[in-house]
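Participant: First, the structure itself, so that you have it in front of you.
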Amino acid sequence: LGMFAPAADYRNALAGDTVSGESIDFCARLMFMQQMHKTYAGTSTVATGVAAKIPGSIVYEAARPESRERPLARIGHPAGVIETEAIVRPDGNGYRVERATLGRTARRIMEGYVFPPER
C-alpha cells in the first residue's frame with residue numbers, strides 16, 4: 001500500500017534530522033503487512049517514479065509540478081530521499097515506459113578470502 005502527498009518538510013525517522021520539502025518532489029510512505037516501511041522498497045521506487053510521470057495518477061497529482069516533465073523524481077520517504085528516473089510517453093490509449101531506473105547506495109558488509117579448489 002502506498003500513500004503520497006505533496007512535498008513538505010519532515011523528520012527523518014532513522015537519523016532524526018529534518019528533510020527539507022525543497023529537496024523532494026513529493027512525500028511517500030509504504031505499508032507492508034500493516035507495518036510502515038522504514039525506508040522505501042526498490043520495486044516500489046521504480047513503479048512510483050513511473051506513476052509520477054502519468055497524468056491523472058495520484059503520484060502525478062502529488063508531485064511538484066516542475067518535476068512532472070523531467071526524468072528525475074525525488075521521493076521523500078521515512079529515512080530520507082531516494083531518486084529514480086522515468087521517461088514515459090503516450091502510446092495509443094496508454095503509455096510506454098522508455099526508461100525506469102533505481103539508484104542505490106551500498107556499504108561494505110564483509111571482507112574476506114576465498115580459497116578455490118586447486119586444479
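The values are calculated or read from the model by the stated rules, or taken from the named source; none is laboratory data. The shown structure was predicted, so the numbers you read here are calculated from the model rather than taken from an experiment. Positions of Cβ are backbone-derived with ideal geometry, glycine not excepted, and every protein chain shown enters the neighbour counts. Protein only, heavy atoms only, side chains kept; ligands, DNA and RNA dropped before computing areas. Shrake-Rupley method; radii C 1.70, N 1.55, O 1.52, S 1.80 Å.
Participant: Residues in the stretch 11-28: is at least one in contact (Cβ under 8 Å) with a residue 40 or more places away in the chain and of a type in the set (Ser, Thr, Tyr)?
Facilitator: Checking the stretch 11-28: at least one residue is in contact (Cβ under 8 Å) with a residue 40 or more places away in the chain and of a type in the set (Ser, Thr, Tyr).
Participant: When both residues are 6+ apart or on different chains and their Cβ atoms are under 8 Å apart, which pairs have a first residue that lies in the stretch 45-57 and is open to solvent by 40 Å² or more (accessible area, probe 1.4 Å), and a second that is among the aliphatic types (A, V, I, L, M)?
Facilitator: VAL46/ALA86; VAL46/ALA100; VAL46/LEU102; ILE54/VAL88
Participant: Take the stretch 61-73 and flag every residue that is in contact with a helix residue (DSSP H, G or I) (Cβ under 8 Å, 6 or more places away or on another chain) and crowded, with 20+ Cβ neighbours inside 10 Å.
Facilitator: Filtering the stretch 61-73 for residues in contact with a helix residue (DSSP H, G or I) (Cβ under 8 Å, 6 or more places away or on another chain) gives 68, 73.
Listed by number, the list holds a single entry, ALA73.
Participant: Same structure, new question: How many residues does the stretch 74-92 contain that are over 13 Å from the mean Cα position of the chain (by Cα) and buried (at least 17 other Cβ atoms within 10 Å of the Cβ)?
Facilitator: Here the count works out to 1.
Participant: Right, next: Tally the residues that are in contact (Cβ under 8 Å) with a residue 12 or more places away in the chain and surrounded by fewer than 20 Cβ atoms within 10 Å (Cβ to Cβ), restricting the search to the stretch 33-43.
Facilitator: Selection size over the stretch 33-43: 5.
Participant: In the stretch 2-16, which residue that is over 16 Å from the mean Cα position of the chain (by Cα) and open to solvent by 70 Å² or more (accessible area, probe 1.4 Å) is farthest from HIS37 (Cα to Cα)?
Facilitator: ASP9
Participant: Cβ-Cβ under 7 Å, sequence separation 6+ or interchain: first residue in the stretch 93-119 and in contact (Cβ under 8 Å) with a residue 24 or more places away in the chain, partner open to solvent by 100 Å² or more (accessible area, probe 1.4 Å). Which pairs?
Facilitator: TYR95/ARG89
Participant: Find the residue count for the stretch 93-119, including only residues that are loosely packed, with under 10 Cβ neighbours inside 10 Å and among the polar types (S, T, N, Q).
Facilitator: Total satisfying the criteria: 2.
Participant: Something else: I'd like the residue in the stretch 17-32 that is closer than 27 Å to GLU66 by Cβ and of a type in the set (A, V, I, L, M) and, out of all such residues, is surrounded by the most Cβ atoms within 10 Å (Cβ to Cβ). Even if it seems obvious, please write down each step before you answer.
Facilitator: As a first pass, look at the stretch 17-32 and keep what is closer than 27 Å to GLU66 by Cβ: 17-30.
Next, only the ones that are of a type in the set (A, V, I, L, M) stay: 19, 24, 28, 30.
Numbers: VAL19: 22, ILE24: 26, ALA28: 24, LEU30: 19.
Looking at the filtered set, the residue picked out is ILE24.
Participant: Within the stretch 69-110, which residues are under 27 Å from ASP17 (Cα atoms) and basic (Lys, Arg)?
Facilitator: Hits for the stretch 69-110 are ARG74, ARG104, ARG107, ARG108.
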